[in-house]
Amino acid sequence: MKLFKRIAIVVLLLVLAFIVNLVLTTGYFRTIENKFEGELIQKIALKGAEDITVSHIDSFALISSTARKFVPNTDEEHGGLYYLDLKNTTYTPIHLTAGFKKPFAPHGIAMLKTDSTYTIVAINHTPTGHSLEVFNLTDKKLVHQKTLVHSSIVSPNDIVLIDENRFYFTNDHKYPKGFGRLLEDYGGLAVSNVVYFDGENYTEVDNGIAYANGINYDAKRKLLYVASPRDFLVKVYAINDDGSLNFIEDIDCDTGVDNIEFDTEGKLWIGAHPNLLRFAAYANGKKETSPSEIITINYRSKGDYTIDQIYVEDGSTMSASTVAAPFGKLILTGNVMNDSFLILQRTSN
């Protein structure tokens, strides 16, 4: 009986420690006060605009949209890639993949211009597996080039192109389902990774990340940024000539950082989830809203950076912000599964 009591006490203490760690590391006690120096210009009716990236050269946005009901998905979902002309203030999305016949539920996207053509890669989730779909975009015409599948594409979240053939992507989980996924989501088990593709081979270049999410590349400084929302971190790496990474530092952002975009000055713009427990309940259909946040990081060098909060709201305007793509004074901010995304306009720098 004494042994049983001791075991019960140990188990109880472990459960309590788990709960305390969970609420302290997910923003559960954070107070959400609405803030934005600007105005809402327009809501664009497009479901689950989870990732948005902007061409500052040609003044358009590429949007990844999927009509999600729950995260993770249990049934086949349907989505597409959309083109948004940012010079035309009607802001009418053009469906680029209407003729794409394969099951298509895009998630993270990457875009890179070479000459007059853009290379586009979209992460595609289907109930039968994951793939990377490669397209070329020329004059608002999207042409599918190839499908990439590999055993290292376990739970892909986001992707960034280095050139037409090379890229990095994140797997946000090591365990796509079961108890392992539960430990990753709620216990903060840091086992997800970053994978590099050199045009022929896939190589894991970092691991031990808690929910590796958004990823982006600063070509001028050869820096790679990876979001770890479960740890509230943006991880910074230097890229070597062979594609391997040298870890530089973690930036503590105090929010669940998601996708990463750049403005024309190289500043990072990030959509984020300030309360991860609320987001998890929302993603599972147990809450109607989840708060949204946008932050920027001006990264100058190791240990020399500033973080600014640009936008925060309780989710009544748009829930679960995942991305903030700047274009001049405009911010295009998307989400996991709302019926629309927002175009905001700042009144200050």
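The values are calculated or read from the model by the stated rules, or taken from the named source; none is laboratory data. Just so it is clear, the model here is predicted, and its values are computed rather than measured. Here Cβ is always computed from backbone atoms with ideal geometry, including for glycine, and neighbour counts include all displayed protein chains.
Worth a mention:
- Selection count where residues are within 17 Å of Ile52 (Cα to Cα) and surrounded by fewer than 19 Cβ atoms within 10 Å (Cβ to Cβ), scope the stretch 89-106: 4
- Residue in the stretch 166-175 that is surrounded by fewer than 22 Cβ atoms within 10 Å (Cβ to Cβ), of a type in the set (Lys, Arg) and either touching a residue at least 60 places away in the same chain (Cβ under 8 Å) or out of contact with any His (no Cβ under 8 Å at 6 or more places or on another chain) (or both) present: yes
- Candidates in the stretch 187-198 are the residues that are modelled with pLDDT of 95 or more and surrounded by fewer than 21 Cβ atoms within 10 Å (Cβ to Cβ); of these, the one that is farthest from Ala238 (Cα to Cα) is Val191.
- For the stretch 212-235, the set of residues classified as crowded, with 23+ Cβ neighbours inside 10 Å and among the hydrophobic types (A, V, I, L, M, F, W, C) consists of Ala212, Ile215, Leu224, Val226, Ala227, Phe232, Val234, listed by residue number.
- Among residues of the stretch 90-131, those that are within 18 Å of Ser152 (Cα to Cα) and touching a residue at least 60 places away in the same chain (Cβ under 8 Å), counted: 1
- Residue match in the stretch 296-308 (condition: within 17 Å of Thr26 (Cα to Cα) and in contact (Cβ under 8 Å) with a residue 12 or more places away in the chain): no
- Residue among Tyr217, Tyr211, Tyr225 that is assigned to a strand (DSSP E or B), closer than 17 Å to Asn171 by Cβ and not small (Gly, Ala, Ser): Tyr225
- With a requirement of 1 or more residues that are charged (D, E, K, R), over 15 Å from Ala49 (Cα atoms) and under 15 Å from the mean Cα position of the chain (by Cα), the strands (runs of 3 or more DSSP E) lying completely within the stretch 238-349 that satisfy it span 292-301.
- Counting only strands (runs of 3 or more DSSP E) that sit wholly inside the stretch 69-186, those with at least 2 residues that are polar (S, T, N, Q), at pLDDT 95 or above and out of contact with any helix residue (DSSP H, G or I) (no Cβ under 6 Å at 6 or more places or on another chain) are 117-126, 129-138, 141-148, 167-171.
- Selection count where residues are surrounded by 18 or more Cβ atoms within 10 Å (Cβ to Cβ) and polar (S, T, N, Q), scope the stretch 261-288: 1
- Members of the stretch 309-349 that are free of Cβ contacts under 8 Å to residues at least 60 places away in the same chain, within 17 Å of Trp269 (Cα to Cα) and surrounded by 19 or more Cβ atoms within 10 Å (Cβ to Cβ): Ala320
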